[in-house]
Structures are given as C-alpha cells and as structure tokens.
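A quick write-up on the structure given underneath.
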Amino acid sequence: MTLAVCPGSFDPLTEGHLDIVRRARSMFDEVVVAVAHNQGKRYLFGAEERVALAEHAVAGVPGVRVQLVPGLLASFCAELGATAIVKGLRGGADFDGEHPMALMNRHLTGIETAFVVGDPALAHVASSMAKDVARHGGDLTGLVPPPVADALRSAFTQPAGEQS
Ligand code: PNS
C-alpha cells in the first residue's frame with residue numbers, strides 16, 4: 001500500500017491544490033491532504049477551518065482524506081508510514097521555495113518529496129490571490145471549490161475591523 005502526503009497551509013484549499021491531490025491519487029493508493037502550519041504565514045482561516053474546508057472539497061473522493069499536522073511534517077509522515085511527500089509546481093518560483101523544504105524533510109527522516117507539475121490552466125491559481133479576489137468582491141469561479149468560495153465571501157463580508 002503506497003501513501004502520499006500532500007502538505008500545505010491550504011488557507012484556503014484551491015482548485016490548483018485539488019488538481020495536485022488528484023494527480024497524486026493517480027500514482028499512490030492513498031493520499032493524505034496534510035494541513036500544516038507555515039511559521040512564515042499569517043492565516044485568514046484557523047487550522048480547524050482549513051481542515052473542514054479541505055474535507056468538504058475531497059468528500060467522496062476514494063482514497064483521499066484530510067489530517068491536521070500537529071508539528072513537524074517529516075515526523076507526521078514517519079508516523080503515517082508515508083511513501084513520499086507530493087507537492088505541486090506551477091513554475092520555477094515554486095521549486096525555489098520547495099527545494100529547501102524537501103531537503104530538510106529528507107534530512108529529518110529520509111522522506112522523499114516527489115514534485116508534480118500541475119495543470120497549466122491553473123498556473124495562476126494561488127490561495128493568496130483567491131483571497132485578494134474575494135477581498136475585492138471578484139468572481140471565484142474556477143479558483144476554489146464552491147464551499148471555499150462561500151467561506152471566503154463570508155470572511156470578507158464581516159464588519160470592518162474584524163477581517164484577518
Ligand atoms: O502551503 P505552504 O504554506 O507553502 O506549505 C508549507 C508547509 C505548511 C507544508 C511547511 O511550512 C511545513 O511543512 N510546515 C510544518 C512544520 C515543518 O515541518 N517545518 C519544516 C518544514 S521544512
């Protein structure tokens with residue numbers, strides 16, 4: 001049984017993330033969408049909400065589940081007995097960010113990272129830009145799954161001063 005871990009902040013999960021999860025699932029028996037904490041980021045959604053939105057998006061997809069990463073990703077992968085970490089690349093800038101993380105994760109436990117090139121039609125899709133589109137009332141169709149679009153719209157229709 002092979003198991004891939006697809007980690008990320010998922011703040012929130014986008015159609016680009018789903019594309020990578022589906023590609024990972026086509027190569028591995030099981031996929032865990034691993035919602036982790038990036039200390040360099042300030043989040044719009046709390047961890048439990050990011051998990052819930054990801055769960056909603058992958059509900060009913062066989063062999064795919066969502067888990068919260070409580071600490072180090074490499075330790076989480078070791079506890080699960082993961083075969084590999086799978087990350088998506090939209091372009092060279094993504095690789096520049098991912099390369100040191102792949103090296104660190106392998107240093108920590110020996111876990112390998114496999115990179116998958118995403119659908120070029122989704123190369124512009126990023127959580128940060130989806131949030132920006134939502135903040136300004138733009139159309140989220142094709143950027144994020146419908147429940148995520150609803151959550152983004154609600155997050156940005158809170159009274160001024162309460163937005164993250
Ligand atoms: O979507 P992101 O923010 O680029 O994902 C980065 C993430 C959350 C996968 C990374 O920051 C991470 O693995 N965090 C968990 C803590 C950890 O293991 N840190 C060392 C990773 S090199």
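Taking the simple approach of a point 7 Å from Cα along Cα-to-Cβ for both residue 104 and residue 141, what is their distance in nm?
4.0
Roughly speaking, what is the stretch gain from residue 153 to residue 1, that is 0.36 nm per residue apart minus the C-alpha to C-alpha distance, in nm to one decimal?
Roughly 50.8 nm would be gained on extension.
Sort 7-15, 52-60 by packing, meaning the average of other beta carbons within 10 Å per residue, with the highest value first.
Peptide ranking by packing, descending: 7-15, 52-60.
How high is the FRET efficiency between residue 48 and residue 129 when r is their beta carbon distance and R₀ equals 30 Å, given to the nearest 0.05?
Taking R0 as 30 Å, the efficiency between residue 48 and residue 129 is 0.80.
Apply the Kirkwood formula to the chain: the hydrodynamic radius equals the inverse of the mean of 1/r over all pairs of different alpha-carbon atoms; give it in Å with one decimal.
Radius from the Kirkwood sum: 16.2 Å.
A short reminder: the numbers here are calculations on the coordinates, not readings from a lab. Note that this is a predicted model, so its numbers are computed, not measured. Heads up, the Cβs are rebuilt from the backbone with ideal geometry, glycines too, and the neighbour counts pull from every protein chain shown.
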